[in-house]
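The values are calculated or read from the model by the stated rules, or taken from the named source; none is laboratory data. A quick note: this is a predicted structure, and the numbers were derived from the prediction, not measured. We place every Cβ from the backbone using ideal geometry, glycine too, and count neighbours over all the protein chains shown.
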Amino acid sequence: MLAYVFWHRPLDASATDAYEQAQLAFHRSLAHTPPAGFAGSACYRATALPWLGEAAGYEDWYFVEDYTALGVLGEAAVGHGHRSAHDEAARRFGAGAGGLYGLVEGTPRLDGAAAVWIARPPGSQRLALGELLGDGMDPRRAGLWRRQLVLGPAPEFCLLAPEPPAGVAPTRLPAEWKATSMARERLTSE
């Protein structure tokens with residue numbers, strides 16, 4: 001399982017309602033006519049996006065089965081059936097960055113879970129994931145993701161869990177590693 005994660009902010013900060021509706025329309029379009037290998041998506045309002053500055057913004061997750069499905073999603077997003085919704089959201093877009101993440105262990109989709117993003121300095125020693133981040137994680141209620149491709153500044157790991165497990169506690173992380181907890185709220189069209 002892979003997830004394309006996209007962090008973004010609107011071009012016009014005073015038009016957030018229209019921006020959110022455009023984002024939701026694009027997600028609904030994909031759900032209504034899903035491309036092959038597409039496993040769903042979600043858009044969250046985030047209180048801060050440190051890798052885009054400290055301002056609030058949005059975090060989209062697009063789940064796909066594999067790299068082939070990622071290519072299919074990329075083509076479908078701007079193809080027949082989704083182009084209008086995509087273009088409306090893109091027209092309102094101001095700044096963004098993304099990353100491709102692979103599921104290391106646990107559950108892939110966790111609505112309501114807190115996001116803990118873990119970054120390590122370049123060249124720092126790698127520790128076994130199980131010893132470092134997965135310690136104390138319930139794989140039925142949490143998911144550990146690792147960055148596969150960088151598409152702008154993005155942390156190396158993400159742990160989605162109702163509550164951060166011991167493995168991501170500041171006292172457990174190696175020196176100079178940084179864990180950033182982000183509060184987020186799922187956007188819905190209700």
Of the residues that sit in segment 120-141 and are surrounded by 12 or more Cβ atoms within 10 Å (Cβ to Cβ) and either hydrophobic (A, V, I, L, M, F, W, C) or on the phi > 0 side of the Ramachandran plot (or both), which one is modelled with the lowest pLDDT?
129
Inside segment 7-37, can you point out the residues that are under 21 Å from residue 148 (Cβ atoms), surrounded by fewer than 20 Cβ atoms within 10 Å (Cβ to Cβ) and hydrophobic (A, V, I, L, M, F, W, C)?
36
For residue 111, work out the one condition from (1) surrounded by fewer than 14 Cβ atoms within 10 Å (Cβ to Cβ); (2) more than 21 Å from residue 142 (Cβ to Cβ); (3) modelled with pLDDT under 90 it doesn't fulfil.
(2)
Can you tell me how many residues in segment 72-126 are within 19 Å of residue 22 (Cβ to Cβ) and of a type in the set (S, T, N, Q)?
1
In segment 166-181, which residues are part of a strand (DSSP E or B) and more than 20 Å from residue 139 (Cα to Cα)?
178, 180
Residue by residue through segment 156-183, note down the ones that are in contact (Cβ under 8 Å) with a residue 60 or more places away in the chain and surrounded by 20 or more Cβ atoms within 10 Å (Cβ to Cβ).
158
Can we say residue 78 is under 18 Å from the mean Cα position of the chain (by Cα), under 18 Å from residue 40 (Cα atoms) and among the β-branched types (Val, Ile, Thr)?
no
Has segment 73-96 got any residue that is in contact with a Pro (Cβ under 6 Å, 6 or more places away or on another chain), closer than 16 Å to residue 158 by Cα and surrounded by 15 or more Cβ atoms within 10 Å (Cβ to Cβ)?
no
The correct count of residues that are closer than 16 Å to residue 72 by Cα and in contact with a strand residue (DSSP E or B) (Cβ under 8 Å, 6 or more places away or on another chain) in segment 9-33 is 3
